[in-house]
Amino acid sequence: MPDSGLRVSRHPAAPGLEAVCGVGVAADIVRHAHARLVVGLCLGGGRRIMAGGGVFEAGPGQGFVIPPGVAHACAPAGDAGHSYVVLAASAACFPPGRGDDGAGEVWPRVWSDRQAAQLLVTTAEAVSKGDARALAFFGALATRLDLRPAPLPPLHPATRRAKAVIDAAPAEPVTVADLAGLAGVSPYHLERLFRRDLGVPLLDYALSRRVALAALRIGDGEALSEAALAAGFCDQSHLTRQFRRRMGVPPGKYRVIRRS
């Protein structure tokens with residue numbers, strides 16, 4: 001675990017699996033959605049997840065599951081912040097046959113299971129160390145918690161076109177009007193479709209992709225000011241404000257571990 005901030009680990013030995021460790025995360029995180037299933041464990045403090053009209057709260061030693069495509073916001077359950085470990089897993093990470101019945105999860109849930117908690121921590125450590133057993137550990141965790149892959153909801157063609165433009169060049173400035181023209185619909189209709197399909201406003205999604213790009217560059221050792229400009233932010237302070245709202249910590253505390 002890092003002393004403070006975030007540590008993100010990926011390794012070719014565990015394709016499609018990402019581990020995130022957070023310590024002292026005290027900021028609220030704005031509404032967003034993940035492309036992969038997320039399963040996490042609160043190590044200290046608590047985590048509050050707001051999705052739809054519901055609130056799901058996990059305390060120390062408890063875990064949580066967020067299915068892919070579910071728009072949600074997060075916050076510490078107390079003023080002191082919290083520490084956690086999270087795994088984000090693509091469908092390819094699951095054991096063969098799991099989820100073939102199509103009964104993927106569609107809503108967040110909280111769980112309490114000491115064996116599952118140990119499996120989650122062990123899997124995260126294996127990812128960070130490049131241990132080839134990481135996927136086997138995750139498979140055992142998926143069985144223990146009855147985790148199932150779930151496909152993302154289908155996207156309207158206009159949403160898919162706009163999303164593709166943003167994903168291809170996240171640092172480039174975009175407007176709803178320009179993207180609507182490319183998608184062949186009105187700006188109002190595109191906004192409505194995008195929010196319906198992805199759970200967040202179009203420009204919020206674009207901003208999240210710019211933050212993700214900055215995070216990658218910071219993780220590669222680039223200076224904060226240079227990463228901010230390269231990701232399309234006007235300056236470092238602009239990046240810092242948006243980074244904290246989406247990652248829970250300022251970029252100076254963010255660390256990415258990459259192993260080849």
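Points to keep in mind about this one:
- Of all the options 151, 76, 68, the one that moves most in a Gaussian network model of the chain with Cα springs shorter than 10 angstrom is 151.
- Across the chain, the mean sequence separation of Cα contacts (distance under 8 Å, 6 or more residues apart), normalised by length, yields a relative contact order of 23 percent.
- Once the Cα atoms are used to define both axes, helix 134-145 deviates from the longest principal axis of the chain by about 80 degrees.
- Taking the number of Cβ atoms within 10 Å of each Cβ as an exposure proxy, the fewest-first ranking of 155, 119 is 155, 119.
- Across 92, 117, 230, mean-square fluctuation computed from a Gaussian network of the chain (C-alpha pairs under 10 Å connected) peaks at 92.
- Model label sites at residue 169 and residue 241, defined 7 Å from Cα along the beta-carbon direction, differ in position by 2.6 nm.
- Cα long-axis angle, helix 157-168 against the chain (0 to 90 degrees, to the nearest 10): 80 degrees
- When the Cα gyration tensor is reduced to axis lengths a ≥ b ≥ c, the ratio a/c is 1.5 or higher for the range 169-260, and with a/b above b/c it is classed as prolate.
- At full extension, residue 13 and residue 216 could sit 71.1 nm farther apart than now, given 0.36 nm per residue minus the alpha carbon distance.
- Label sites at residue 189 and residue 132, each approximated as a point 7 angstrom past Cα along Cα to Cβ, lie 5.3 nm apart.
- For the peptides 174-180, 207-213, the ranking by packing is 207-213, 174-180, with the highest mean count of neighbouring Cβ atoms within 10 Å listed first.
- The 3J(HN,Hα) values that the Karplus relation (6.51, -1.76, 1.60; θ = phi - 60°) gives for the range 107-113 are, in residue order, 8, x, 8, 10, 9, 9, 6 Hz. Gly and Pro appear as x.
- Helix 114-129 axis, angle to the chain major axis (alpha carbon atoms, nearest 10°): 60 degrees
- For the range 97-251, the relative contact order comes to 16 percent (Cα pairs under 8 Å, sequence separation of at least 6).
- The range 4-82-the range 139-193 distance, computed between alpha-carbon centres (Å): 21 Å
- Volume per residue that the Cα convex hull of the chain spans, once the total is divided by residue count, Å³: 125 Å³
- Only one residue of 234, 214, 175 has its Cα farthest out toward the positive end of the dipole of the range 157-258, where Lys and Arg carry +1 and Asp and Glu -1 on Cβ, and that residue is 214.
- CD proxy at 222 nm, helix term only [per DSSP H run n ≥ 4: -39500 (n - 2.57); per residue of the chain; nearest 500]: -11500 deg cm²/dmol
- Counted residue by residue at 0.36 nm each, then reduced by the alpha carbon distance between them, the extension gain from residue 109 to residue 31 reaches 26.4 nm.
- Modelled spin-label separation between residue 90 and residue 55, with each label point placed 7 Å from Cα along the Cα-to-Cβ direction: 3.7 nm.
Readers should treat all values here as calculations from the given coordinates under stated rules, not as data from a laboratory. For clarity, every value in this text was computed on a predicted model and none was experimentally measured. Ideal geometry is used to build each Cβ from the backbone, glycine not excepted, and the neighbour counts take in all protein chains shown.
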